[in-house]
Amino acid sequence: MKVKDTSDKYKILTDIEHVLLRPGMYIGSIKPHETEGFIFNQDTQKFELQKYTYNPGLLKMFDEIISNSVDEHKRKGTSLDKIEINIDRKTGEITIWDNGGIPVILHKEYKRLIPEFIFSDLKAGSNFDDSEERNTAGTNGVGASLSNIFSSKFIVETADGKKQFHQMFSDNMHKKTEPKVKPSNKSFTQISYIADYKRFGLNGIDDITYQLIEKRVIDLAGCNQKIKFTFCGKKYHFKSFKDYTKLYSDNVIFEENQKWKIGVAYSDNSFRQVSFVNGVETKDGGTHVDYILGQINSWLREKIKKKHKVDVKPSELRNYLLLFVDTAIVNSSFSSQTKEKLITEVKDFGSTIELSEKFMKSIFESEIIKSLLDWIEQKQAAEE
């Protein structure tokens, strides 16, 4: 067997080569992943628990683009309040349009048009000043470029009220056309892309990917009441986060302040949480979920012990909870680029919420505690 030369062991990869070689660092797994989660049932108009197999990386590509639109809505002075998503199942093309607009100007330092480099240069963006309080989803400036790299075709169109920009990238961002600029009085941004599906082991958009993209749109509508979302012709808009939680349960106990929106409902299938930080879905929860759970556990365990003389374990209590958390965290930090788990310490949240006694009493008097006590009684009877 031929022994490799020492120099052959060490390589310097381009940014694109590294992203494609190590996708897990950037967009998560690009292989099928089995899980259990909530899917929106069009017949019942409710979220229902299902087991399914999906591709996390493919979903993350969409999330990176639409998060840009939502982040732009949150910036001061913006007029962005509409986002439309369309999917062509035949070609596999996904289009995200919003009524905002990116400045079509030449950057003073880089001597390049801003729309070109923010969608094609890794580590390019507008969220790098950590001295400013930031409540947006974007943090590292790589998201949109990642979606470009994992696409066979990626088209950027935007207009700022004075000029309109158009540019197409292809072949995993290895190729690009020259930017086209023309006068325009419109204001919008539209990103159209066809994922490089073969890298994900797919021929196009399968049913579960379509359903999960729709779920993501519904989630964003639930967290951003001032934006009107349209998904393939269907309109999604909620007056409040509380209205959104009703898609999961008709009996949600709710409390909120300016920065925190908390809901609790009964779960008959172990602990479940639906949580968001700055509009980002935190599938694996994190410190914000632990912060709320700690308050609920502490109050309810003490109340149960005092009234029913039972010392309930935190793990036993949480098994009957479906917890909803929507919060704005200043300069949020996550465990990875995929942002599925918040790791910001409580002291750095930038806000707090003290769950009221009225809220806690409502949980104590609900079917959550009744079911828990029934289970404890059955357990004790079985032991005896």
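The values are calculated or read from the model by the stated rules, or taken from the named source; none is laboratory data. Keep in mind it's a predicted model, so treat the numbers as computed, not measured. Neighbour counts run over all protein chains shown; Cβ positions are idealised from the backbone, glycine included. Ligands, DNA and RNA are stripped out before the accessible areas are found, and what is left, the full protein with its side chains, is counted by its heavy atoms. Shrake-Rupley method; radii C 1.70, N 1.55, O 1.52, S 1.80 Å.
Using +1 at the C-beta of Lys and Arg and -1 at the C-beta of Asp and Glu, which of Val19, Phe40, Gln50 has the Cα lying farthest in the positive direction of the dipole of the stretch 3-104? Working it through, the farthest residue towards the positive pole turns out to be Val19. Between Gly101, Gly263, Gly294, the Gaussian network model of the chain with springs among Cα atoms under 10 angstrom shows the greatest mean-square fluctuation at Gly294. Straight-line cross-link reach from Lys226 at under 19 Å between alpha-carbon atoms covers these lysines, not counting any fewer than eight positions away in the same chain: Lys74, Lys76, Lys82, Lys215, Lys234, Lys235, Lys239, Lys242, Lys246, Lys259, Lys261. For the listed peptides 70-76, 43-49, 326-332, a ranking on the average number of other beta carbons within 10 Å per residue, highest first, reads 326-332, 70-76, 43-49.
The helix-based estimate of mean residue ellipticity at 222 nm for the chain, built from -39,500 (n - 2.57) per DSSP H run of four or more residues and divided by its residue count, is -9000 deg cm²/dmol to the nearest 500. Electrostatic tally near Tyr52: other residues with Cβ closer than 9 Å to its Cβ, Lys and Arg +1, Asp and Glu -1, net -1.
Quick one: pull the percent of accessible area on the stretch 12-108 belonging to carbon and sulfur, 1.4 Å probe, ligands and nucleic acids left out.
Carbon with sulfur: 52 percent of the solvent-accessible area.
Ignoring lysines fewer than eight residues from Lys307 along the same chain, the ones with Cα atoms less than 18 angstrom from its Cα are Lys358, Lys361, Lys370. Of Lys313, Lys11, Lys341, the residue with the greatest mean-square motion in the GNM of the chain, using alpha carbon springs below 10 Å, is Lys11. In this structure the chain gives 52 Å² per residue of accessible area when probed at 1.4 Å with all protein chains present.
On the stretch 304-384, 46 percent of the accessible area sits on carbon and sulfur atoms, based on a 1.4 Å probe. Taking the chain as a Gaussian network, where each spring joins two C-alpha atoms under 10 Å apart, which residue of Arg216, Arg272, Arg22 fluctuates the most? Answer for the Gaussian network model of the chain: Arg22.
Can you tell me the 0 to 90 degree angle between the C-alpha axis of helix 207-223 and the longest principal axis of the chain, rounded to 10? So the inclination is approximately 70 degrees.
Of all aspartates and glutamates in the structure, those lying under 14 Å Cα to Cα from Lys90, and not within fewer than 8 positions of it along the same chain, are Asp206, Asp207. Look at the dipole of the chain built from charges on Cβ: of Ile105, Ile343, Ile85, the Cα furthest out on the positive end belongs to Ile105.
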